[in-house]
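K.L.:
Before anything else, here's the structure in question.
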Amino acid sequence: MAITLINSQNSFIRFDEPSNAPFCIWGSVDYCLPVYDESDVAFQFVLVGTEEEIDQLCGNDVFEDKVQFSLINNGDCDGEPLIVFTEYAQRYRLSATQMLYNWPHGIPAFSTVVAVNKCFQIRILISLPYQNSWFCSNCFERIADDCFTSVIEYGNDEDAFGFKYCYGGDLNAPAAAADCSPTIIQFINQATLIIPYTSILKSKYGDAPVVQVWIYDSLGQLVNMGITASFDAYPVTLITLDFGGSATGIVIIR
């Protein structure tokens, strides 16, 4: 079967979907997202294929020949690329037939090949034995001034809204953590708590983790009281919590 691509549900960057939108006077209008800086863009998507095809994408050989990220002129999906990125996407196998690609690198050096006010697209080219597949993004336009524009960044402690935030280790970095399941620490009748942020925790959750506190209320139910953790430094080595009085509950580190 041919490789197919699934867009993240709420992603602004979408592949193989029309960039135009209906307009009551002019019929349809081509919308190109403005890009000022190369770090303005990040995205993820899922490739779906047979188990054999996904096995090939999982290989540790020179996989950049199998999945190529590049820029093309707007509307020239099968044309010559303006630039081919040398950065590697983060790869995570979700199942026997699905592979998640996370692209955090933006669009490096795009200003060297795209003039101001010119439109372009991102292309994903997949090269497997006996088949080539490519997917082109919606339209972007390079702008010279970032006035009246905003960069929207979002994230979550769990998979949400069609995005994958919690997955296995990056296949390009075998030493990565096997998963990002939370660490849960119980406390009983304590007013404060100091938690050493060990190298093991750091390898799972990064230099600064997300910390949530749940406290048992008078009905014996766990309630998130909105308590904020204090960090000693960056990277974190100690997590300090003040419960505002004696309390019993759990701390969740992600």
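Just so it is clear, none of the values below were taken in a lab; they were calculated from the coordinates. Bear in mind that the values here come from a model prediction, so they are computed numbers and not experimental data. Neighbour counts run over all protein chains shown; Cβ positions are idealised from the backbone, glycine included.
K.L.:
Quick check on packing: order 103-111, 238-246 by the mean number of other C-beta atoms within 10 Å, highest mean leading.
P.N.:
103-111, 238-246
K.L.:
Work out how much length residue 152 to residue 6 would gain on full extension: take 0.36 nm times their residue separation and subtract the Cα-Cα distance, in nm to one decimal.
P.N.:
Stretched out fully, the residue 152 to residue 6 stretch lengthens by 50.4 nm.
K.L.:
Moving on. Output the relative contact order of the chain, whole-number percent, from Cα pairs under 8 angstrom with separation of 6+ residues.
P.N.:
Dividing the mean separation by the residue count of the chain yields 18 percent.
K.L.:
Right, here's the next one. Could you work out the local net charge near residue 207, counting Lys and Arg as +1, Asp and Glu as -1, over the other residues with Cβ closer than 15 Å to its Cβ?
P.N.:
Charge balance near residue 207 sits at +2.
K.L.:
Let me ask another. How compact is the chain by the rule of thumb for globular proteins, expressed as Cα Rg over 2.2 N^0.38 Å?
P.N.:
Relative to the rule-of-thumb radius for its length, the chain sits at 1.25.
K.L.:
Let me see the pair-distance distribution of the range 4-142: every alpha carbon pair, 5 Å bin width, integer percents in order.
P.N.:
That works out to 2, 9, 19, 22, 20, 13, 8, 4, 2, 0, 0, in percent per bin.
K.L.:
Taking every Cα atom in the range 183-253, find the radius of gyration and the maximum pairwise distance Dmax, and write them in Å.
P.N.:
12.2, 38
K.L.:
In debye to the nearest 20, how big a dipole does the chain give about its Cα centre with +1 on each Lys and Arg Cβ and -1 on each Asp and Glu Cβ?
P.N.:
Dipole magnitude for the chain comes out near 480 debye.
K.L.:
If each DSSP helix of 4+ residues adds -39,500 (n - 2.57) and the sum is divided by the residues in the chain, what number results at 222 nm, nearest 500 deg cm²/dmol?
P.N.:
Calculated from helices alone, the mean residue ellipticity at 222 nm is -1500 deg cm²/dmol.
K.L.:
State to the nearest 20 debye the size of the charge dipole of the range 4-142 about its Cα centre, where the only charges are +1 on K and R beta carbons and -1 on D and E beta carbons.
P.N.:
The calculated dipole for the range 4-142 is roughly 300 debye.
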